[in-house]
1. Taking 0.36 nm per residue of separation and subtracting the Cα-Cα distance, what length does fully extending residue 262 through residue 79 add?
2. Tally Lys/Arg at +1 and Asp/Glu at -1 over every other residue whose Cβ is under 13 Å from the Cβ of residue 287; what's the total?
3. With each pseudo-label sitting 7 Å past Cα toward Cβ, what's the residue 316-residue 98 distance in nm, one decimal?
4. If the viscosity is 0.692 mPa s and the temperature 37 °C, what translational diffusion coefficient in µm²/s does Stokes-Einstein give for the chain when Rh comes from Kirkwood over Cα pairs?
5. Roughly how big is the stretch 88-227's charge dipole about its Cα centre, with Cβ charges of +1 (Lys, Arg) and -1 (Asp, Glu), in debye to the nearest 20?
6. If each residue of separation counts as 0.36 nm, what is the full-extension length gain between residue 328 and residue 300 once their alpha-carbon separation is subtracted?
7. Would you mind telling me the share, in percent, of accessible area of the chain contributed by carbon and sulfur at probe 1.4 angstrom?
8. Hydropathy at least 0.5 by Kyte-Doolittle, axial extent at least 27 angstrom from the Cα trace: which helices of the chain, defined as entire DSSP H runs, fit?
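The values are calculated or read from the model by the stated rules, or taken from the named source; none is laboratory data. Quantities reported herein were computed from a predicted structural model and do not represent experimental measurements. For neighbour counting, all protein chains shown are included, and Cβ atoms are generated from backbone atoms with ideal geometry for every residue, glycine included. Ligands, DNA and RNA are excluded from the accessible area calculation, which covers all protein heavy atoms including side chains. Shrake-Rupley method; radii C 1.70, N 1.55, O 1.52, S 1.80 Å.
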Amino acid sequence: MQTRTLFRFSIGLLAVAAIAAVVIAVTLGLDAYRRPLPLPRSPYDFEVPPGATLVRVARALEADGVLAHPAALVWLARLRGVDRGIKAGSYEIERGIDLPQLLAKLTQGDVTQIAVTIVDGITFAQLRRELHEVPRLADTLDGLSDADVLARIGASASSPEGLFFPDTYFVPAGSSDMALLTRAHRALVRRLDAAWSARAPGLPFATPYEALILASIVEKESGRRADLPMIASVFVNRLRRGMRLQTDPSVIYGLGAAFDGDLKKRDLEADTPYNTYTRDGLPPTPIALPSQSSIDAVLDPPQTPYLYFVARGDGSSEFSETLVMHNRAVSKYQKLRR
């Protein structure tokens, strides 16, 4: 009888201990749940690539010291049924943010933020006009010169052309277009520096900015993403040989408002700093916003013998080693377009 009583007493103690352990675990969990995340810097910005899973994002944040336990973010998302609802793009968070607030931003459950997409291939003038039309984004660019913009984003270049990384940025509603440009410029510098550090040997560029200029030309010359590396190889080969780039998009950019939509022979002969038919080497600045793909293509181009290419009319290009072969290709595709 005493043994049975002692057994029941022991079971009771174990139950109490188990309940206490659960209470302590829940209390600690709630404390961690509410605790501000230890950001390595503030503001802290990070990327969510297209197609990335929440697990992948959580592990990347763990590697950067933001999340001590990445599983906590994943389980919270699963509990709320939003683990498959994260949005690709560029995020910026401030010190004081906790786990639920981070999840809300990743799933756009945070209604105080807006998504602004900067499209690759556009000029800075086009970007200014597009930002002006974004609802709930404060317009502070009106009246500012390009030099003013460069000073405020901390850039040392002579032109803002090409200095902003194309991506979708999630920003607080009511924030300024200048704050967005500053973020996009930081993203461009970070990505360009990373690609420059991993560049192929023997490239004809003295600086990352020169690579950025060619990347912007490659961006404008491409009708489809698959051709970007080949187009980059053509221009790199021409620069190595001291040949002029002879690229129409650069000429068009140099014509500015004088371009009427139809590039004529006289346009190719009109000398401007951007006319790569009349001038050697690279133009003085980028001509558009290059994508990551164009930057990568220019800084790690495939080894090819090609020096020429022509558009086929379906978005793809025909590549040639010699001028004779190129002229044949031009004649062929001009006939097809008639």
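1. Taking 0.36 nm per residue and subtracting the Cα distance, the gain is 60.1 nm.
2. Net charge in that neighbourhood comes out at -4.
3. In this crude label model, residue 316 to residue 98 measures out at 5.6 nm.
4. 139 µm²/s
5. Roughly 320 debye for the stretch 88-227.
6. Here the answer is 7.2 nm.
7. Whole-percent figure for carbon plus sulfur exposure: 56.
8. The qualifying helices are 2-34.
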